[in-house]
2 protein chains.
Amino acid sequence: METYTYMAMDMEEKIFRRSPSNRYLYIILVVGCIVSCVIGILIGRFAIRPDDEPEVKDGLYLKGVSEFLVKDGDPEIAEVLMKNINSDNIRKYLRKLTEKPHLAGTNESHELARELRDHWEAVGLDHVTMTPYKVLLSYPDPDDPNFVELLDGNNVTQYRSNTTEKILTPEEDKPGVVPPFNAYSASGDIYGDIVYVNYGRVEDYQFLENNKSINVSGKIVFARYGEIYRGDKVRLAERWGAAGVILFSDPNDVTNGDFSRVYPDDWWLPPSGTERGTLLIGEGDPTTADYPSIETAYRELSTDYFVPKIPCHPIGYGIAMDLMKNLGGDSVQDEWQGGMNVIYRFGDEFKVPGWKAHIKISTSNQNATTYNTIGVIRGSVEPDRYVIIGNHRDAWVFGAIDPSSGTAVMMEISRVMGQLVKSGKWRPRRSIVFGSWGAEEYGIIGVTEWVEEYTKSLGARAVAYVNVDYAFDGNFSFYAEGTPLLFSPVIKATKTIRNPNETEIAAGRTTVYDTWLATFPAKKFGRPRIALPGSGSDYAPFRDKLGVPIIDLWYTYDPDLNVLSYPLYHSVYDTFYMVDKIADIGFKYHTTMGQIWTEVTRDLADSLLLPFNVSDYSTVLNDLGESFISRFEREMQSFGLDTSLLQGVISNFTRETEEFEKRIKTANLQDPFVVRRINDQLMQLDRAFLDPAGLPGRKLKRHILFADSTIDNYSGSSFPGLSDALVEISLGKNTTEQREIVKKHFSVVLFTIQSAAGTLKDVSDFMYRR
Amino acid sequence: METYTYMAMDMEEKIFRRSPSNRYLYIILVVGCIVSCVIGILIGRFAIRPDDEPEVKDGLYLKGVSEFLVKDGDPEIAEVLMKNINSDNIRKYLRKLTEKPHLAGTNESHELARELRDHWEAVGLDHVTMTPYKVLLSYPDPDDPNFVELLDGNNVTQYRSNTTEKILTPEEDKPGVVPPFNAYSASGDIYGDIVYVNYGRVEDYQFLENNKSINVSGKIVFARYGEIYRGDKVRLAERWGAAGVILFSDPNDVTNGDFSRVYPDDWWLPPSGTERGTLLIGEGDPTTADYPSIETAYRELSTDYFVPKIPCHPIGYGIAMDLMKNLGGDSVQDEWQGGMNVIYRFGDEFKVPGWKAHIKISTSNQNATTYNTIGVIRGSVEPDRYVIIGNHRDAWVFGAIDPSSGTAVMMEISRVMGQLVKSGKWRPRRSIVFGSWGAEEYGIIGVTEWVEEYTKSLGARAVAYVNVDYAFDGNFSFYAEGTPLLFSPVIKATKTIRNPNETEIAAGRTTVYDTWLATFPAKKFGRPRIALPGSGSDYAPFRDKLGVPIIDLWYTYDPDLNVLSYPLYHSVYDTFYMVDKIADIGFKYHTTMGQIWTEVTRDLADSLLLPFNVSDYSTVLNDLGESFISRFEREMQSFGLDTSLLQGVISNFTRETEEFEKRIKTANLQDPFVVRRINDQLMQLDRAFLDPAGLPGRKLKRHILFADSTIDNYSGSSFPGLSDALVEISLGKNTTEQREIVKKHFSVVLFTIQSAAGTLKDVSDFMYRR
């Protein structure tokens, strides 16, 4: 400031001495004024500190604090990230991931875990680590293969099933392919009659008992895959007294009826293709329920609750046809007749008297180590808020779709994000955590142990979990299953992303969203359908144990195909060849999935306020309430329970979401503590639906709204704890104890919804009742 | 800006037209330069926004945001608050509170709840409400009083106990005094021999069995109060097969041996004075364990776990002497001989053969409503962080000390704080919540239901709970029991507060802290002793269910007096008269307690960083570890459990606290998100010690470090779950199941300590193992 003053005085002096002409003086005057004005500007700008001035009392100056503190995400960054997703890279990663079988607990799986670690270190993530867990897995004995055979009256083998799937292309011809088996099956030899039980659901057994007087007790039940979880099929078979189970893929569910159009010519399942799969009940290592399988973990003496007591073996429709041909008994009604070229019979006897079946199972439970690989991009402003994205890495065999399509996409996303961070052009507001999970196929094991180990930190800090298991199992449309708070960011992202399907674009559906809305409309809600998920992938523990919002994303096939899953699911034929040459030539859909997943993640990580829409929560809750009441009103009344109480708490919840949204609109988002407070409430909402005691009979499932339903196939179950308890009563368990379970859990549901509504209230007013 | 430009042009025009002299021109030049400079200053100051300029990139300007955002508390406010605490007010409040008996669930108790509400509304709290809960309480039948009698061989009454305490001053002569009883006692008539069992502990029964061959099965056990919780005395009596229990206050524990110096002449217990008290096991309404007793609550069919199955009756030493006189059997050894002027005998027979005792109990469990009154001062910057302070309001009779001394002080604190807020001179950074709890005496019931009802919001937001049950039960020294994170704010506060004891000041101990340190030194730690509390007051659910740091404060008597509690505890003689005329003449100690409680609360509410000292946590944990290992090492080894693992996780925890403290020192506290992150970690630390499954056999106690120990009097129990399980084994329950419980819980303890250490790590690095 002193310098400026001196200069001004110097100029005045000059004017005085030289006694210049008027014109000259005028020029000096103008120059003087301009110079003075500039000097003034400099003084005003720099010498007078804004926070010394009264006007600034209306605000706060924070020294050394990032300008990003109260800034929202940058749409240009979104563009850059999405543009960088490269299909060639995804193809290259998928090729690498599917070179060898990589079953959980094997060296090949461990090798890929290290591969992921090296990749993440190379692309510039801030922290990368591997977390090993010692868990109980299950393997068949390679020297003593599992099979099904038919014996005649003299115990002579008349038929024996192949123990491996046929090699159809060089792609499958690799060492280490595990033969078809069901994980955690009991071992042993079971001899007896076979009874065909359709899908092996409750109603199927009831039909056999009531209409056919067939009792499956002590027999081998023969069920097609589909409708309910295979683990529940075995549990129900046990409940009805069966001694063993054979599961098969029916051609109706895995072919288009043209048996010549199968792998390797098309994506349909060939006759020897067999769906492997776990039978575990619940999630996570059954020896350490609710705790991580770390070095000092206590191991339960019994895992009886979680694993079947009887043997179970899966077969393809080739073998299934051979068995069905030999069954005696009545022919089945139309609904039970499947797609094999043979008349389906109930069995309970063989065509040839004296014959019997024999299942031989050598599968045994074994201790193994499974690895998760974790990578972190540290958040710039809120490093202690974690947006977690993940995918499992283990596969039954090559797993080109399940799960390597997702892994390949995640590798590309991490490359794109990591390199933008490395370049200094971007760092997300919140931390982004990448998880490559082990042993998902055995029962969501790797991720469950991880969530259990870090449950305190994740419980307090995890913002959302975005899962992609298979990124792609068809090119018909994008699809999502998830909990309500993540509906909005996914819908928003898909509206900005170009449709990978040129035919759809030509039809005017230019974005991913357009096709999604057209193919899966949820008309009632004016948006695409987003189902509430069961427990089919790695999102389960985030929802069930932590109450973290979750969503599962993928590109899928036309539901009108009426298949159970993509046809090559869990078979040896889920190969790179199939993806590269048949299913997603050019990897366009994989690339689009990369863009969607990236943008959802960026939005969650970068938005100033978490992009959760609480009114989506009340919409879902109202829908669950209606659906529950319409199904169970009569039963509830018969136990003296008033469903209008449920409607009451749901209405109250709805009102609170509306008031919360109003409050957000007028909040001063320049105040970091206001931002913090709103985000804390948003983070707590899903958590508030946890009941620490868990669902009746399933204490490790703690979210009262969202869980798979058990036993009965009540899919998209509303209030799974209540529904299951009521279904048990309808199945004959009409005891005082069971009725009290219903009454108590109904009270818990009412209380929990009220509690959740309370967390949305103005924070210093939360405990005030209406 | 346009206006300024126009003015400058106007001036130029004037100069040009008038063709002025050099001198005149010179003046114009100077004026022009000055005006231009001022204009420039204005432009520079206001028109150019500071955040467009490079220099301010080093910071952030937040519009409309309070200057308090990153400011620490103001010591001057502390002074003002403490100075305003007024002893006359406290006396006045206490007089009002103790006019009538106000047993939980009665109209008088309800009336006081409304009194508190009106007070808080009047003194200016922002929100005030009352929360009613319908709970199970217990009352004797007023028309059918409880008694103990002695019958001769012909069933003729030879002695019957008085059913009420004597009226000794007009103060006790009020309607509504409940006769002495034990809440939740079973009702009925029990006849039989009496066995004196000393304190009724495990070792007392073992002594009787092993050394005296006395079996109490089917008999009435006669136990003095003390050493263990009265509810556990009855539970142990049940375990040993007793049919009924008589509890008495031994003169050794409630007098100074001079029976003439008792109430109303002194604070010692007169012969008819009787300690009432609950027998409930655990905390909260036993009909709604773990859930709030709201309208829609499910009520458990059985409360068997929580309430005794046998009758129990309390008596004073007057009646006890009459009973003891008539007992036969051997005289007891010295340790069992108490302070009554009679030779104590084991009993199991009467002096006169054929006599028997009869306990008659009409007490029954009854539904009643209990009210909490809640008042809130809304926080200015972080209204969603709650510093909760509280005190129960219900009393067995008048409760002048227990709890009204605390209530009176709380009323004064709320007046002082409320009025400062109303005056506009202060508003705490965080919200302050005042709780006046109901039905504490029955088993911490009112507060437990409240914590259960608002568990989601409190679990996420409560910062600390500061309890004062009785503010005062002696003038010897200040004392505290609490969990480690609140040691530091209490120690800090007491160092700033003048000693109310002039003799102590004269001896150079000028502050509350000085006397505390001198009278209760914890030499090992270089600070006053702060015990780890059991579950004796309303702090319990905050610790056990929420993992919130808690502390309990009061002024107490000299421990060398060797009394169980202040002598008039739970008797009709706990009156205003006693406090006003005998115990705290002038209410000096009450006033000091008001200052301490105020300052601790203000510090918690106003400090930028929560004033928690994590190294206090590691100090306590190390101490617990050492004490556990020194007691149980041999047993642990015998089950194959390696206590060095415990030492390992404790060392790791210690290291993490040190690193955390280092990180805080270099943190930029100008950044509100840095402040938030550190405070979140501090808030999460105690919560991280919760295990959702609860302690073995006590699933509602979820803090693995802090809980009362059961059965065995292992006070200040280290790792109560482990200790209890090991003690059960030593008591003969050496089953595989019990040993597995020990093994599993040991694993849980190791894991939980590791988890807690993990929450202190750098937040984007939390999942990295060493």
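The values are calculated or read from the model by the stated rules, or taken from the named source; none is laboratory data. Source: prediction; values computed, not measured. Cβ atoms come from the backbone with ideal geometry, glycine included; neighbour counts cover every protein chain shown.
Among the residues of the range B:491-510, write down those that are in a helix (DSSP H, G or I) and over 14 Å from B:T601 (Cα atoms). Before the answer, list the steps.
First, the residues of the range B:491-510 that are in a helix (DSSP H, G or I): B:491-495, B:502-506.
Scanning the range B:491-510 gives B:K495, B:E502, B:T503, B:E504, B:I505, B:A506.
Among the residues of the range B:210-218, are any within 25 Å of B:E283 (Cβ to Cβ) and in contact with a strand residue (DSSP E or B) (Cβ under 6 Å, 6 or more places away or on another chain)?
Checked against the condition, which is being within 25 Å of B:E283 (Cβ to Cβ) and in contact with a strand residue (DSSP E or B) (Cβ under 6 Å, 6 or more places away or on another chain), the range B:210-218 yields no hits at all.
Determine whether B:I361 is surrounded by 24 or more Cβ atoms within 10 Å (Cβ to Cβ), under 36 Å from the mean Cα position of the chain (by Cα), of a type outside the set (G, A, S) and farther than 30 Å from B:Y589 by Cα.
For B:I361, the condition - surrounded by 24 or more Cβ atoms within 10 Å (Cβ to Cβ), under 36 Å from the mean Cα position of the chain (by Cα), of a type outside the set (G, A, S) and farther than 30 Å from B:Y589 by Cα - is met.
Tally up the residues in the range B:531-555 that are modelled with pLDDT of 95 or more and either over 19 Å from B:R702 (Cα atoms) or polar (S, T, N, Q) (or both), please.
Residues that pass the stated criteria total 5.
Which of the residues spanning the range B:423-454 are within 14 Å of chain A (Cβ to nearest Cβ), in a loop (DSSP other than H, G, I, E, B) and crowded, with 24+ Cβ neighbours inside 10 Å?
Correct list: B:P428, B:R429.
Where residues in the range A:159-190 are assigned to a strand (DSSP E or B) and closer than 25 Å to A:Q337 by Cα, which of them is farthest from the chain's Cα centre (by Cα)?
Within the range A:159-190, the match that is farthest from the chain's Cα centre (by Cα) is A:Y159.
Considering only the range B:460-473, how many residues are away from chain A (no Cβ under 14 Å) and either buried (at least 24 other Cβ atoms within 10 Å of the Cβ) or at positive phi (or both)? Spell out how you get there, then give the answer.
Applying the first criterion (away from chain A (no Cβ under 14 Å)) to the range B:460-473 yields B:464-473.
This time we only want the ones that are either buried (at least 24 other Cβ atoms within 10 Å of the Cβ) or at positive phi (or both), so: B:464-468, B:470-473.
Selection size over the range B:460-473: 9.
List the residue pairs whose Cβ atoms are under 7 Å apart, where the first residue sits in the range A:195-224 and is of a type in the set (V, I, T), the second is modelled with pLDDT under 95 and outside any helix (DSSP H, G or I), and the two are 6 or more positions apart or on different chains.
Matching pairs, first to second residue: A:V202/A:I711; A:V202/A:D712; A:V202/A:L731.
Looking at (1) under 19 Å from the mean Cα position of the chain (by Cα); (2) farther than 30 Å from A:P428 by Cα, which is the one condition that is false for A:L604?
Looking at each condition in turn, A:L604 falls short on (2).
Give the residue that is farthest from B:S293 (Cα to Cα), with candidates limited to residues of the range B:92-140 that are in contact with a strand residue (DSSP E or B) (Cβ under 9 Å, 6 or more places away or on another chain) and assigned to a loop (DSSP other than H, G, I, E, B). It would help to see each step written out before you state the result.
Within the range B:92-140, the subset in contact with a strand residue (DSSP E or B) (Cβ under 9 Å, 6 or more places away or on another chain) is B:103-106, B:109-110, B:112-121, B:123-140.
This time we only want the ones that are assigned to a loop (DSSP other than H, G, I, E, B), so: B:103-106, B:124-126, B:140.
Values: B:L103: 19, B:A104: 15, B:G105: 14, B:T106: 18, B:G124: 30, B:L125: 27, B:D126: 26, B:P140: 23 Å.
It comes out as B:G124.
Take B:E2 and tell me if it is modelled with pLDDT under 65 and more than 14 Å from chain A (Cβ to nearest Cβ).
Spelling it out, B:E2 is indeed modelled with pLDDT under 65 and more than 14 Å from chain A (Cβ to nearest Cβ).
From the list B:L726, B:L695, B:L731, which residue is in contact with a strand residue (DSSP E or B) (Cβ under 9 Å, 6 or more places away or on another chain) and more than 30 Å from B:A605 (Cα to Cα)?
Numbers: B:L726 fails: in contact with a strand residue (DSSP E or B) (Cβ under 9 Å, 6 or more places away or on another chain); B:L731 fails: in contact with a strand residue (DSSP E or B) (Cβ under 9 Å, 6 or more places away or on another chain).
On inspection, the qualifying residue turns out to be B:L695.
Among the residues of the range A:478-530, which ones are of a type in the set (A, V, I, L, M, F, W, C) and in contact with a Phe, Trp or Tyr (Cβ under 6 Å, 6 or more places away or on another chain)?
To start, the set of residues in the range A:478-530 that are of a type in the set (A, V, I, L, M, F, W, C) comprises A:478, A:480, A:485-487, A:490-491, A:493, A:497, A:505-507, A:512, A:516-518, A:520, A:522, A:525, A:530.
Scanning the range A:478-530 gives A:F478, A:L485, A:V512, A:W516, A:I530.
Pull up the range A:260-275, narrow it to residues that are among the acidic types (D, E) and surrounded by fewer than 23 Cβ atoms within 10 Å (Cβ to Cβ), then point me to the one that is farthest from A:A583 (Cα to Cα).
A:D265
Do we find a residue being among the hydroxyl-bearing types (S, T, Y), within 14 Å of chain B (Cβ to nearest Cβ) and touching a Pro at 6+ places or on another chain (Cβ under 8 Å) anywhere in the range A:355-362?
Scanning the range A:355-362, I find no residue that is among the hydroxyl-bearing types (S, T, Y), within 14 Å of chain B (Cβ to nearest Cβ) and touching a Pro at 6+ places or on another chain (Cβ under 8 Å), so the answer is no.
Can you find, within the range A:726-763, the residue that is surrounded by the fewest Cβ atoms within 10 Å (Cβ to Cβ) among those that are part of a helix (DSSP H, G or I) and among the hydroxyl-bearing types (S, T, Y)?
For the range A:726-763, the residue satisfying everything is A:T736.
Please work out which one of (1) out of contact with any His (no Cβ under 6 Å at 6 or more places or on another chain); (2) in contact (Cβ under 8 Å) with a residue 40 or more places away in the chain; (3) within 11 Å of chain A (Cβ to nearest Cβ) is the condition B:S723 fails and give its number.
Against the list (1) out of contact with any His (no Cβ under 6 Å at 6 or more places or on another chain); (2) in contact (Cβ under 8 Å) with a residue 40 or more places away in the chain; (3) within 11 Å of chain A (Cβ to nearest Cβ), B:S723 comes up short only on (3).
Identify the single condition in (1) free of Cβ contacts under 8 Å to residues at least 24 places away in the same chain; (2) within 17 Å of A:V202 (Cα to Cα) that A:D765 does not satisfy, given that it satisfies every other one.
Status for A:D765: all satisfied but (2).
Can you go through A:I389, A:I401 and tell me which one is in contact with a Phe, Trp or Tyr (Cβ under 9 Å, 6 or more places away or on another chain), of a type in the set (A, V, I, L, M, F, W, C) and assigned to a strand (DSSP E or B)?
None of the others qualify; the one that does is A:I389.
If you check A:S457 against the conditions, is it assigned to a strand (DSSP E or B), within 14 Å of chain B (Cβ to nearest Cβ) and of a type in the set (S, T, Y)?
no
Looking at (1) surrounded by fewer than 19 Cβ atoms within 10 Å (Cβ to Cβ); (2) under 23 Å from the mean Cα position of the chain (by Cα), which one does B:L112 not meet, given that it meets all the others?
With (1) surrounded by fewer than 19 Cβ atoms within 10 Å (Cβ to Cβ); (2) under 23 Å from the mean Cα position of the chain (by Cα) applied to B:L112, the lone miss is (1).
Within the range B:529-539, does at least one residue satisfy the condition of being under 29 Å from B:P692 (Cβ atoms), part of a strand (DSSP E or B) and not β-branched (V, I, T)?
Yes, some residue in the range B:529-539 is under 29 Å from B:P692 (Cβ atoms), part of a strand (DSSP E or B) and not β-branched (V, I, T).
Counting just the residues of the range B:55-91 that are facing chain A (nearest Cβ under 9 Å) and not in a helix (DSSP H, G or I), which one comes out nearest to B:M578 (Cα to Cα)?
So the residue we want is B:S66.
Of the residues that sit in the range A:302-339 and are touching a Phe, Trp or Tyr at 6+ places or on another chain (Cβ under 7 Å) and charged (D, E, K, R), which one is farthest from A:Y442 (Cα to Cα)?
Of everything passing the filter in the range A:302-339, A:D330 is farthest from A:Y442 (Cα to Cα).
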